[in-house]
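Structure first, then comments.
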Amino acid sequence: MKKGVMRPGHVQIRVLDMDEALKHYTDLLGLIETDRDDQGRVYLKAWTEVDKFSVVLREADEPGMDFMAFKVVDETALQQLEKDLVAFGVEVEQIPEGELKDCGRRIRFTVPSGHAFELFADKLYTGKWGVTDVNPEAWPRGLQGMKAVRFDHCLLYGPELAATYDIFVNVLGFHLAEQVLDPEGNRIAQFLTVSMKEHDIAFIHHEEKGKFHHASFFLETWEDVLRAADLITMTDTSIDIGPTRHGLTHGKTIYFFDPSGNRNEVFCGGDYTYPDHKPVTWQAEQLGKAIFYHDRQLNERFLTVLT
Amino acid sequence: MVQTFRICEQHSGRSFICEPGQSVLKAMEQQGLRCVPVGCRGGGCGLCKVRVLAGDYECGKMSRVHIPPDALAKGEVLACRIYPQSDLAIECQPQQAVGQVTK
Ligand code: FES
Ligand SMILES: [Fe+2]
């Protein structure tokens, strides 16, 4: 967090059908609808999140991710980061306050992998959902489905990982927690963080720019991941793989798809990192084990199914 | 008795039964076949693209990047988003070299 970038703030996801998508993200994942706007976008949050929203759904004729945003500590840090990005040669777009309801001004930029990111300092603080700020209970009643705890990270596919790394590490102050190297020493996957989590954002090398692999939500326990798997079956939701464990991060996970084909993950556990930790390295020859620790081989979909 | 439809995939020569209201891809998966590649099952990833050579069907929403309007006019569809209304002859698209995690 050395440059003031604090944590993931929100992700805007395109969906083919809003009603189907909303049912998936609320009834199954357990996110809570907090608002809608006149563009038809729907705002959602997970119950432990303190700001008004972390997921925005937008109906469009192709699914995928519009952008992911990080919250920075304050306006001063935002101004400095903006200057640093411009000095680094990154084109920065201004998004005025209120373009997303109850969110302050954002700056938006596209990194060489082809993905759009945003930084912002202010969003309406609504507190955790269903519990009080003082003497809070352990959890609120009335949560649905998987009862997602928080929006945790995204995994994105695109080219030019090295140039993307430079922006995240050298300009935005991220730290490389884990990587996959090919035999020539090229980084084909990079897991970057501004926190103690193994990733706040991750990239895997792919020829086509700007592809979305998954948005991930945190659960507390392995039991919760197994329960999520039960719910995926009960609702006849499209499953990808799991429950299983990743080698990278060692998180326990399940992958599935929203009704528009965007991949979601819910997971628990995972390693921690501090800025003095050296990156954990996986060799590309061990990619199967790095991704799916139990099967030790990739399913075809992991590399090819993207939105 | 419910009327069912027979779906014939030309490359593999495989055929399977599809019930009304069921997507072609789902019917294929249920019968343990793999003649069309299975991805997201939501019309988003494009993996299950096929061309319909004969027969009638209804379409659900499909990603426009994978099925632009001119492709749709040529009978190119996503098998996870078509619901047959008669027997169908379908053909898998030639598999392009899809993304590899290599430089
Ligand atoms: S399986 Fe992804 S579009 Fe059909
Ligand atoms: Fe993940």
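The number of residues in the stretch A:256-293 being assigned to a strand (DSSP E or B), of a type in the set (A, V, I, L, M, F, W, C), within 14 Å of chain B (Cβ to nearest Cβ) and over 17 Å from A:THR244 (Cα atoms) comes to 1.
Scanning the stretch A:240-286 for residues that are touching a helix residue (DSSP H, G or I) at 6+ places or on another chain (Cβ under 9 Å) and over 30 Å from B:LYS61 (Cβ atoms) returns A:HIS246, A:GLY247, A:LEU248, A:LYS252, A:CYS268, A:GLY269, A:GLY270, A:ASP271, A:VAL280, A:TRP282, A:GLN283, A:ALA284. On the stretch given as the stretch A:193-209, residues that are surrounded by fewer than 23 Cβ atoms within 10 Å (Cβ to Cβ) and over 14 Å from the mean Cα position of the chain (by Cα) total 4. Residue check: B:CYS35 meets all listed conditions (1) within 11 Å of chain A (Cβ to nearest Cβ); (2) touching a residue at least 40 places away in the same chain (Cβ under 8 Å); (3) within 17 Å of B:GLU91 (Cβ to Cβ) but one, namely (1). Please verify whether the stretch A:271-287 includes one or more residues that are at positive phi and not assigned by the TED database to the domain that holds A:ALA60. No, there is no match, as no residue in the stretch A:271-287 is at positive phi and not assigned by the TED database to the domain that holds A:ALA60.
Would you be able to say whether some residue in the stretch A:265-283 is under 18 Å from the mean Cα position of the chain (by Cα) and among the polar types (S, T, N, Q)? Checked against the condition, which is being under 18 Å from the mean Cα position of the chain (by Cα) and among the polar types (S, T, N, Q), the stretch A:265-283 yields at least one hit. Restricted to the stretch A:13-73, the set of strands (runs of 3 or more DSSP E) holding at least 3 residues that are away from every other protein chain (no Cβ under 13 Å) and farther than 26 Å from A:TRP139 by Cβ comprises A:64-72. Just wondering, is there one or more residues in the stretch A:262-270 that are surrounded by fewer than 20 Cβ atoms within 10 Å (Cβ to Cβ) and closer than 17 Å to A:GLU300 by Cα? The answer is no; no qualifying residue exists. All conditions but one from (1) part of a helix (DSSP H, G or I); (2) buried (at least 20 other Cβ atoms within 10 Å of the Cβ); (3) within 16 Å of ligand 1 (Cβ to nearest atom) apply to A:LEU303; the one that does not is (2).
Output yes when any residue across the stretch A:236-255 is within 16 Å of ligand 1 (Cβ to nearest atom), assigned to a strand (DSSP E or B), under 17 Å from the mean Cα position of the chain (by Cα) and buried (at least 16 other Cβ atoms within 10 Å of the Cβ), and no when none is.
yes
Among residues of the stretch A:39-68 being among the acidic types (Asp, Glu) and open to solvent by 20 Å² or more (accessible area, probe 1.4 Å), the one that is farthest from A:THR307 (Cα to Cα) is A:GLU49.
Of the residues screened, B:GLU9 is one that is more than 10 Å from chain A (Cβ to nearest Cβ), out of contact with any Phe, Trp or Tyr (no Cβ under 7 Å at 6 or more places or on another chain) and among the acidic types (Asp, Glu). Hey, among A:PHE212, A:PHE203, which residue is closer than 30 Å to A:ALA87 by Cα, within 16 Å of ligand 1 (Cβ to nearest atom) and in contact (Cβ under 8 Å) with a residue 60 or more places away in the chain? Within the list A:PHE212, A:PHE203, the selection yields A:PHE212. Of all residue pairs spaced 6 or more apart or on separate chains, those with beta-carbon atoms under 6 Å, a first member in the stretch B:46-63 that is within 21 Å of A:ARG301 (Cβ to Cβ) and a second member that is of a type in the set (Lys, Arg) are B:GLY60/B:ARG81; B:MET62/B:ARG81.
Screening A:GLY130 against (1) out of contact with any strand residue (DSSP E or B) (no Cβ under 8 Å at 6 or more places or on another chain); (2) open to solvent by less than 40 Å² (accessible area, probe 1.4 Å) leaves a single unmet condition, (2).
The values are calculated or read from the model by the stated rules, or taken from the named source; none is laboratory data. Everything quoted here is computed from the prediction, not taken from an experiment. All Cβ positions, even for glycine, are placed from backbone atoms using ideal geometry, and neighbour counts span all protein chains on display. In case anyone asks, the SASA skips ligands and DNA or RNA and just uses the protein heavy atoms, side chains included. Shrake-Rupley method; radii C 1.70, N 1.55, O 1.52, S 1.80 Å.
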